[in-house]
Structure formats: structure tokens, C-alpha cells
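Can you keep this structure in mind? I'll have questions shortly.
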Amino acid sequence: MQPSEFQCTRYEVKDHVVTITLNRPERHNALNWRAYAELETAFRTASEDSDIRCVVVTGAGKSFCSGDDVREIMMGEGNRPAASAAPPKIQPTPAAMAVLDCVKPTIAAVNGNAVGWGMELSIYCDIRVASENARFAELFVKRGLVPDVGGFYKLPSLVGPAKAAELMLTGDIIDAKEAERIGLVSAVVPHDQLLAKAHEIAGKIAKNPPLATQAIKQGLRKYAPGDAVEIGTWAISNIRRLFQTEDHKEGVKSFIEKREPVFHGR
């Protein structure tokens, strides 16, 4: 798949900066199988393109990313890529690793809700800039699941272990100002200035020597706590296990029915 074939994502290059825009505004940029595949391709393309020096990711419309498309992914109504006859291999989410593995500096321009995997996407990036309308939540526990690699690999180092535990265990939603206060985002700006701010930072990075910026990013990744692949594999193993539980099914059903869930620990 090439960026020119994208349906759920826009890929726009200007002045050595690529802007990747999740483009399902009618679904609050929820990720279906195709969107996940396009996001992976977009970041791997940017990483391999010698002309690209910085990546900005954002969302079209009012939301950054509302996480998984519940109906298509959690309720099985979408067209999942064909699986082989062999049992599926447990490995980290390919889109997550594409963002984490990208050798170019990455900036999340969070224009609205970044919840579930949407919050994960933002914390995979090196820098986060938020609109005053942004909101963040690790909602996985509300669906009877655990976060992907980002919650365990990066969130504790961004906000501290205790705050990371609170966010993951409660599933609470926090606003942009609180996100800035706890160190989750580096700046909060008026909504109409968000992309300008993100591109201002990206422009500064793009003017610096590419080999040096890539080496800095490599150093930041190298000395991060834990191993992303090991943590990501553990997370996916537990997500698969929890997908089979009654509590997960109740979490999804209650979301669809717009009511409070009742969990029974099974």
C-alpha cells in the first residue's frame, strides 16, 4: 500500500515535514483495520524517506483519535485482514511499533479527544502539543482490557509511575490543562493555533542536521525503561486473553447501549 492509496489517512509533505492526518471524522477518527494498516504504512514510509526530517500526526474534525472502532474491531463487524491457517503469532501491534520505530522525530498535534488507542498514539510520539479542546483517557479498563505498549512503556516515564497507574486503573478522562500540569503534553494552545504550533516545532527540528536529530531520538529510545517489543508482546497476549472474557463483552455492550457496565470478574 502506498500513501496515494490511503482512504482513512492523509499524507502531506511540505518543507521536509510530513503531516499524517487520521481522516475518519464521521467516526471521530476511530481506527478500523484499514486505518491501522494505513497508519503503519504512513510511519514506515516517513521513516524510510530521506527527504522527511520530522513527522506531525493529527486528526481531522473535532477528535484526534477515539481509539478502536468498537463496532468494526471489538464487535467483529469489519473486514479483518485474512488470517493464515496457523495460530496467530503474538506480537506487538504493528502500527504501534511503526510509530515507536520511526527514526524521524514525531509530534502529536492533539486537536480533540485522544482516548484509548488514541491516547496511546499520542504518547508513542516524541512530543505532544494539545489544543485547549483536547482530552485524554486510557479507557481500556472500561472495556475489560489493558493498554497497548504505550501505557506501560512510555506513560510512567512521562507522568510518573503513580499517576500512570491512576490513569490506567481508573480510566479517568483528563483535560488539556491537566495533561500539561502532569507533563503529558509540552504545550496547550488555542484550538485554531494547534497545527501552526506543531509545525513551528517541526520546522525547527527540520532545520537541524538530520543525523544528529535521529541520533538524539535513538538515544532517548535506547535508554527508556524496559523493552518496547517485550512489553508490547506481553500487552497483546493479555489483550487477546481479556477479549474472551464476559467483562470485556459487557464493557463493549454497555458502551453501545450507552449505559453503565456491570462487571462480574469472569
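If we count other beta carbons within 10 Å of each Cβ, what is the order of Glu200, Glu180, Glu120, fewest first?
Final ranking by Cβ density, sparse to dense: Glu200, Glu180, Glu120.
So what's Rg/Rh here for the range 221-266, counting alpha carbon atoms and using the Kirkwood radius for Rh? Before the final figure, lay out the partial values.
Values: Rg = 15.3 Å, Rh = 12.6 Å.
Answer for the range 221-266: 1.21.
A further question on this structure: Based on the inverse mean of 1/r over its pairs of different Cα atoms, what is the Kirkwood hydrodynamic radius of the range 62-216, in Å? Walk me through the intermediate numbers first.
Numbers: mean 1/r = 0.0601 Å⁻¹.
For the range 62-216, inverting the mean 1/r across all distinct Cα pairs yields 16.6 Å.
Right, another one. Taking just the alpha carbons, could you work out the radius of gyration and Dmax for the range 140-266, both in angstroms?
18.5, 55
Further question on the same structure: Per-residue HN-Hα couplings for the range 110-118, Karplus 6.51 cos²θ - 1.76 cosθ + 1.60 at θ = phi - 60°, whole Hz, x for Gly and Pro?
8, 8, x, 4, 10, 10, x, 5, x
Another question about this same structure. Taking one equal scatterer on every alpha-carbon of the range 85-142, how large is log10 of I(q)/I(0) by Debye at q = 0.28 1/Å?
One equal scatterer on each Cα of the range 85-142 leads to -1.14.
Within the P(r) computed for the chain, what percentage of the Cα pairs occupies the region above 23 Å?
More than 23 Å apart: 50 percent of the Cα pairs in the chain.
What do the square roots of 5 times the Cα gyration tensor eigenvalues come to for the range 176-251, in whole Å, largest first, as semi-axes of the equivalent ellipsoid?
On the way: eigenvalues 230, 102, 26 Å².
Semi-axes, largest first: 34, 23, 11 Å.
Here's something else I'd like to know. What spacing in nm lies between the two simple spin-label points modelled at Thr170 and Arg221, each 7 Å away from Cα in the Cβ direction?
Calculated label separation equals 3.3 nm.
Relative to the first principal axis of the alpha-carbon coordinates of the chain, what is the inclination of helix 194-207, with its axis defined by its Cα atoms, in degrees from 0 to 90 and to the nearest 10?
In the chain, helix 194-207 runs at an angle near 50 degrees to the longest axis.
Sticking with this one: Based on alpha-carbon atoms only, what is the radius of gyration of the range 131-182 relative to the globular estimate 2.2 N^0.38 Å? Don't skip to the end; give the middle numbers.
Values: Rg = 10.7 Å, N = 52, 2.2 N^0.38 = 9.9 Å.
So the range 131-182 has a normalised radius of gyration of 1.08.
In what sequence, highest mean first, do 15-22, 58-65, 214-221 appear when ranked by Cβ atoms within 10 angstrom?
Values: 15-22: 21.2, 58-65: 23.1, 214-221: 13.0.
Going by the mean number of other Cβ atoms within 10 Å, highest first, we get 58-65, 15-22, 214-221.
How compact is the range 1-74 by the rule of thumb for globular proteins, expressed as Cα Rg over 2.2 N^0.38 Å?
On the way: Rg = 12.3 Å, N = 74, 2.2 N^0.38 = 11.3 Å.
Ratio of Rg to 2.2 N^0.38 Å for the range 1-74: 1.09.
Can you tell me, using C-alpha contacts under 8 Å and at least 6 residues apart, the relative contact order of the chain as a whole percent? List each step's numbers first, then the result.
On the way: 502 pairs, mean separation 48.8, N = 266.
Rounded, it is 18 percent for the chain.
Only the coordinates and a few stated rules stand behind these numbers; no lab work does. Since the structure is predicted, the reported quantities are computational estimates derived from the model, not experimental observations. Neighbour counts run over all protein chains shown; Cβ positions are idealised from the backbone, glycine included.
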